Structure formats: C-alpha cells, structure tokens
Amino acid sequence: MFAFLLSLLVEPEVITYIAPRAIVVPLGPIYTPPMIESKQIVEEEPEPFIEDGIACYCVTYVRSLGVKIPIGTNAEDFTANTTPVIGGLALFKFSNNVYHVAKITIMQGTRFKVEQANKIKCTLNEEWHNWNDPAIRGFWSPQGVDTL
C-alpha cells in the first residue's frame with residue numbers, strides 16, 4: 001500500500017482515471033394535471049354491476065332473492081294482490097311513468113324498508129319508504145301464483 005502511495009507521489013502520470021460516460025435523456029413537455037375546483041364534490045361510487053348484470057333489472061334481482069315470480073314478468077305486469085308482507089313486493093310507478101318492484105324486508109310503524117335493484121341505474125340498494133308514498137301502486141305476494 002505504501003508503495004502505491006509512493007508511486008502516486010513520484011509518478012503521477014502513470015495513474016489514469018476514466019470517468020463513466022454521461023447518459024443524456026431528452027425530456028419532453030412536463031405534464032401538469034388539470035386543477036380541480038374546490039367546489040367539486042366526489043360522490044361515492046355506486047355498487048358495481050354484479051354477475052350477469054342482475055343489478056340492472058329490478059324483477060330479475062328480486063327473483064334472485066327468492067321471490068317466486070313467473071318467468072317473463074316485467075315490473076308493469078304486476079297487479080296488486082295482497083296487503084304488505086315481509087318477503088313480498090312493493091309495486092311502484094314513478095312520476096316519469098317508470099314501473100319498479102322491490103322486496104320488502106322490514107315493516108316498522110309508518111314506513112317499510114325494501115331491497116332493490118335498478119332504481120338508480122344498475123345499482124343495488126336498500127331504502128325506506130313511507131306507507132303514503134305516492135309512487136306506491138300496491139303490494140304483491142307470490143301466494144297462489146303459478147311460478148317456475
């Protein structure tokens with residue numbers, strides 16, 4: 001080691017240092033994401049579609065919950081045939097003339113809770129309704145109905 005240091009002092013021209021080659025990477029324009037105004041609100045994501053798009057069909061969805069509904073029945077085909085029962089259907093016709101069905105899961109005082117699909121496009125949800133909701137057109141139960 002001492003000899004090496006001595007050679008540096010005595011013969012400096014013997015040591016050669018080769019620096020690594022610099023790599024030059026051209027930079028393109030710098031991306032700047034757009035500014036989001038603070039007043040914009042990010043809403044919660046709705047539940048995603050479930051297998052076979054069942055969340056997009058209210059009748060198919062309540063059938064998947066075990067309600068015995070004749071095949072080929074659409075929401076507008078139901079005729080009220082009962083008073084409200086847990087496990088039966090609430091039948092709706094909204095002000096925009098859209099028909100809808102939902103399965104009754106809880107009845108409590110002046111209101112009841114339903115499990116439903118596609119009231120909000122292709123979304124599953126639960127919702128409370130008052131008995132005097134003007135969109136209610138009746139209640140349906142599969143008792144005595146010939147089902148498949």
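The values are calculated or read from the model by the stated rules, or taken from the named source; none is laboratory data. Quantities reported herein were computed from a predicted structural model and do not represent experimental measurements. Counting neighbours? That spans all protein chains shown, and the Cβs are built from the backbone with ideal geometry, glycine included.
Odds and ends about this structure:
- Residues that are touching a strand residue (DSSP E or B) at 6+ places or on another chain (Cβ under 9 Å), of a type in the set (Lys, Arg) and modelled with pLDDT under 95 within segment 120-148 are absent altogether.
- The single condition among (1) over 12 Å from Ala75 (Cα atoms); (2) within 26 Å of the chain's Cα centre (by Cα) that Pro134 does not satisfy is (2).
- Filtered by the rule that a residue be farther than 17 Å from Ile54 by Cα and β-branched (Val, Ile, Thr), segment 65-109 gives Thr79, Thr82, Thr83, Val85, Ile86, Val98, Ile104, Thr105, Ile106.
- Residue check for Phe112: closer than 15 Å to Val59 by Cα, of a type in the set (Phe, Trp, Tyr) and not in a loop (DSSP other than H, G, I, E, B): no
- If the condition is being surrounded by fewer than 12 Cβ atoms within 10 Å (Cβ to Cβ), free of Cβ contacts under 8 Å to residues at least 24 places away in the same chain and over 25 Å from the mean Cα position of the chain (by Cα), then segment 91-130 contributes Asn97, Gln108, Gly109, Thr110, Asn130.
- Filtered by the rule that a residue be among the hydrophobic types (A, V, I, L, M, F, W, C) and closer than 13 Å to Tyr61 by Cα, segment 78-103 gives Leu89, Val101, Ala102.
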